[in-house]
Amino acid sequence: MSTRLSFIKKDLLTEVGTIGTGNAASALAGLIGKKITINVPKVDIVPFSAVSRLVGGAEQVKACIFLDVHGDLPGTVLVLFDRKTAEELLSALIPGSRVKFFSLTPMEESALNEIGNILSGAYLSALADFTGKSMLSGLPTLAVDIVEAVLSVPMTKLGPASDVALLIQATFFEEQKHSGSILFIPDQGVDQRLLDTFGVVDNDR
Amino acid sequence: MTDNVLQIGMAQLAVGASPQIIRSAGLGSCIAVVLYDPFARVGGMAHAMLPRSRPGREGNPAKYVDTSLAEMIQQMLDRGCERENIIAKLAGGAQMFPDSERELLVIGAKNIQSARDCLKQSSIPLVAEDVGGNWGRTLELDCSDGTLYIKTLHSQATL
């Protein structure tokens, strides 16, 4: 993978991230009955050593839901919630529960996995509609830990063929208080496939 | 003060001398191979992602357990270490996600095995390890005495 992003590629991938995140945000809004806003996604190519800096700095602890993406445009989706947001989401969905972030019950873990699944599904189906390609997510799996440690898993997937990762990262908010983010990390070569899908010629390559 | 701390991230390695500290935050399925020569008081740490390089496709040596070990040994010899004085410690190789059906998610165990094998092949004694589990680790190697400090979300250890 090239270590820099041309203007046109960055533009297209930002659009891709916006479409996916927009749909995921409406799914979340429907789920919790509140208004959700999103920011413009950040798109970057970074060496593995710099990935954590891009995802909010090292040693941040979050609830991270990991999903493999299969189909024409494979990759990884990570849905991240900070502690407060995860706890409030769970209290809203499971009435009467007293959520302990670091010792979630199986019920709470599966609720978070399901939220990740719904957001990822909404994100990917919007992209699939937009591109006309198939994109399906695998089963969600959850870790509550340091974000950088969690990121080692999708980076391992890219590792054999690359020294850098392409990250499409968007954040969504509920009244500026609660936030979460969705990361789409396309597999090696998928960014080029996206350009080809739209017939975009990247002269800057 | 900041020059005293060598910070390394995923797929990076560093060699330092007393009183420097080599630090790596948020180690997940990656494994940290830590080497130390107590006589030269020189230490090294690699934050390796994958168990083994493929011949002809080595690239960045710090990415793989085998090539990062070879690279660190060379850098330590260049800095006056004696090969027979070098000892090793290992940390990391966690399985961050509980689903063990998927091959990608059990890479930690392969990294641990590769590190043990490579150390054996290089005849470097493995004196301590804190590996496996399903949690991330943050490490600091004190190059003045070779102590390795390990922090997780819920515990602390010293190797």
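At a glance:
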read-out	value
Cα centroid of the stretch A:54-102 to Cα centroid of the stretch A:132-204, whole Å	15
Where labels lie 7 Å past Cα in the beta-carbon direction, separation of B:Thr147 and B:Glu84 in nm	3.0
Ascending count of other beta-carbon atoms within 10 Å, so fewest first, for A:Thr18, A:Thr105	A:Thr105, A:Thr18
Fraction of the pair-distance distribution of the stretch B:1-80 above 20 Å, Cα-Cα pairs, percent	30
Degrees between helix A:106-131 axis and first principal axis of chain A (Cα, 0 to 90, nearest 10)	30
All aspartates and glutamates inside 18 Å of A:Lys177 as judged from Cα atoms, apart from same-chain residues fewer than 8 positions distant	A:Asp82, A:Glu87, A:Glu88
Inter-chain Cβ neighbour average for residues A:47-54, partner chain, 10 Å	5
Where the Cα pairs of the protein assembly as shown fall when distances are cut into 20 Å bins, in %	30, 53, 17, 0
Shielding of A:155-161 by partner chains, average beta-carbon count, 10 Å	6
Average partner coverage of B:6-19, which counts Cβ from other chains inside 10 Å	3
Efficiency of FRET from Cβ geometry, A:Glu88 and B:Thr158, R₀ 41 Å, rounded to 0.05	0.65
Share, in percent, of DSSP beta bridges within chain B that are antiparallel, nearest 5	75
Over chain A: helical MRE at 222 nm, DSSP H runs n ≥ 4 each giving -39500 (n - 2.57), nearest 500	-14000 deg cm²/dmol
Degrees, to the nearest 10: B:107-121 long Cα axis against longest axis of chain B	40
Size descriptor, Kirkwood hydrodynamic radius, that averages inverse alpha-carbon separations across the stretch B:2-158, Å	15.2
Bins of 5 Å from zero: percent of alpha-carbon pairs in chain A	1, 8, 16, 21, 21, 16, 9, 5, 2, 1, 0, 0
The stretch A:1-93: relative contact order in percent, alpha carbon pairs under 8 Å with at least 6 residues between	22
Of A:Lys62/B:Lys89; A:Lys62/A:Lys157; A:Lys62/A:Lys133; A:Lys133/B:Lys110; A:Lys35/A:Lys62, those spanning more than 27 Å from alpha-carbon to alpha-carbon	A:Lys62/B:Lys89; A:Lys62/A:Lys133; A:Lys133/B:Lys110
MRE, 222 nm, helices only [DSSP H, n ≥ 4, -39500 (n - 2.57), over chain B, to nearest 500]	-6000 deg cm²/dmol
Cα long-axis angle, helix B:65-78 against chain B (0 to 90 degrees, to the nearest 10)	10
Candidates A:Ser125, A:Ser110, A:Ser49, ranked by Gaussian network fluctuation over chain A, Cα under 10 Å, top entry	A:Ser49
Relative contact order (percent, whole number), the stretch A:7-192, Cα cutoff 8 Å, 6+ residue spacing	37
Whether the stretch B:111-159 is rounded, prolate or oblate, judged on the alpha carbon gyration tensor where a/c under 1.5 counts as rounded	oblate
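Here, each number is a calculation from the coordinates, and none is a lab measurement. These numbers come from a predicted model, not from an experiment. Every residue, glycine as well, gets a Cβ built from its backbone with ideal geometry; the counts of neighbours run over all protein chains shown.
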